[in-house]
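Student: What follows is a single structure, and I will ask about it in a moment.
The values are calculated or read from the model by the stated rules, or taken from the named source; none is laboratory data. Nothing here was measured: the structure is a model prediction, and the numbers come from that model. Glycine gets a Cβ as well: all are built from the backbone with ideal geometry, and neighbour counts include every protein chain shown. Calculation scope for accessible area: heavy atoms of the full protein, side chains included, ligands and nucleic acids excluded. Shrake-Rupley method; radii C 1.70, N 1.55, O 1.52, S 1.80 Å.
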Amino acid sequence: MSTELTEEQIKHILQGIKIPPQPQILVDIQIEQIMPDPDIAQIAALISQDVGLSGTILKFVNSPLFGLSNKITSIAQAVSLLGTTSVVNIINGISIKGEMTDETIVELTRFWDTANDISSIAANIAKKVGYHSPDEAYMLGLFHNCGIPLMLARFRDYMNVIEEAYGEPEKRITETENLHYNTNHSVVGYYTAKSWNLPRHICEAIAEHHSAESVFENKDGRNPDKKTLLAILKTAEHLCGSFHVFGNQTTDFEWLRLENDVLEFLGLSLYDLNDMRDSFAEMGINVYLPK
């Protein structure tokens with residue numbers, strides 16, 4: 001995704017979609033984060049002002065991902081344990097919901113529920129395969145489809161189009177969107193992530209999450225973090241049944257094209273995939289169970 005476009009060109013690409021501003025709490029935390037000696041107490045105090053953010057941070061740090069023997073109940077403890085970078089990653093992921101209208105949030109209940117499940121699964125897969133930042137996988141799981149509610153707010157027939165897109169056996173999902181709107185949720189998500197100052201490899205993963213085939217065809221070894229995050233995300237999406245939730249499909253056509261490359265890249269087998277599906281279901285995470 002080019003970053004050298006003019007503002008006018010970007011407006012044209014976005015087709016009238018307004019990118020929501022980064023929440024002030026994130027701006028404040030990031031300012032504190034870049035100080036020579038970041039104040040953990042100040043960051044914890046900022047988070048504590050928002051009950052929803054506080055709850056999510058505590059839920060994340062107390063998840064099976066960390067396997068802590070004692071439950072963490074203090075935001076200051078959670079921030080100290082996770083580190084400021086991880087905290088910012090997590091908050092970035094969930095803050096996009098706070099920028100939507102109440103009407104859009106209600107209409108996209110299934111979207112938010114699935115995003116939560118994908119993020120939990122992605123973080124657990126990241127830990128399983130030894131990725132160095134499970135919190136990045138968590139944030140990507142929450143943020144990767146942030147373009148969907150923005151598209152829906154702009155185009156009232158959008159959910160019909162996305163259902164059509166998931167039903168195409170050979171086409172990329174974004175190709176169908178482009179035919180209808182001359183833009184797509186991956187592009188919108190990319191520019192949202194970029195305007196929120198997310199790390200470059202996260203922005204690129206969002207831009208390419210429905211173009212992953214071309215990413216895995218390239219064996220040059222460049223951008224390993226982006227490639228790993230994409231592989232984790234596509235596995236999490238498949239296990240959660242995004243193709244069923246958004247596309248009303250019983251077959252994940254995108255996964256059929258990616259499965260071998262993704263599993264090989266992550267060093268996973270079909271047995272591992274099925275074992276993870278069972279484990280996540282036991283943890284209370286919603287997974288898609290093939291009939």
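Student: Taking the stretch 181-196 on its own, how many of its residues are in contact with a helix residue (DSSP H, G or I) (Cβ under 9 Å, 6 or more places away or on another chain) and surrounded by fewer than 17 Cβ atoms within 10 Å (Cβ to Cβ)? Talk me through it step by step, then tell me what you get.
Tutor: Kept after step one, since they are in contact with a helix residue (DSSP H, G or I) (Cβ under 9 Å, 6 or more places away or on another chain), are these residues of the stretch 181-196: 181-194, 196.
Filter again for surrounded by fewer than 17 Cβ atoms within 10 Å (Cβ to Cβ), leaving 182.
Number of matching residues: 1.
Student: Go through the stretch 146-161 and count every residue that is more than 15 Å from Gln15 (Cα to Cα) and surrounded by 24 or more Cβ atoms within 10 Å (Cβ to Cβ).
Tutor: Result for the stretch 146-161: 1.
Student: Oh, and also: For the stretch 270-287, how many residues are closer than 19 Å to Lys227 by Cβ and of a type outside the set (Asp, Glu)? Talk me through it step by step, then tell me what you get.
Tutor: To start, the set of residues in the stretch 270-287 that are closer than 19 Å to Lys227 by Cβ comprises 272-273.
Filter once more, keeping what is of a type outside the set (Asp, Glu): 273.
Residues meeting the conditions: 1.
Student: Could you identify the single residue in Asn260, Asn223 that is in contact with a His (Cβ under 7 Å, 6 or more places away or on another chain) and free of Cβ contacts under 8 Å to residues at least 24 places away in the same chain?
Tutor: Step by step, each of Asn260, Asn223 is checked, and only Asn223 is in contact with a His (Cβ under 7 Å, 6 or more places away or on another chain) and free of Cβ contacts under 8 Å to residues at least 24 places away in the same chain.
Student: If you don't mind, there's one more thing I want to ask. Any residue that is under 13 Å from the mean Cα position of the chain (by Cα), modelled with pLDDT under 90 and of a type in the set (Asp, Glu) - is there at least one of those in the stretch 108-128?
Tutor: yes
Student: Same structure, new question: So, of the residues in the stretch 225-268 that are of a type in the set (Ser, Thr, Tyr) and more than 14 Å from the chain's Cα centre (by Cα), which turns out to be most open to solvent (accessible area, probe 1.4 Å)?
Tutor: Once the filter is applied, the top-ranked residue is Thr250.
Student: Those residues that are under 13 Å from Gly93 (Cα atoms) and open to solvent by less than 10 Å² (accessible area, probe 1.4 Å), I need them from the stretch 112-121; list them, please.
Tutor: Result: Ala115, Ile118, Ser119.
Student: Going by the structure shown, is Ser279 surrounded by 22 or more Cβ atoms within 10 Å (Cβ to Cβ) and either in contact with a Phe, Trp or Tyr (Cβ under 6 Å, 6 or more places away or on another chain) or not aliphatic (A, V, I, L, M) (or both)?
Tutor: Against the criterion (surrounded by 22 or more Cβ atoms within 10 Å (Cβ to Cβ) and either in contact with a Phe, Trp or Tyr (Cβ under 6 Å, 6 or more places away or on another chain) or not aliphatic (A, V, I, L, M) (or both)), Ser279 does not qualify.
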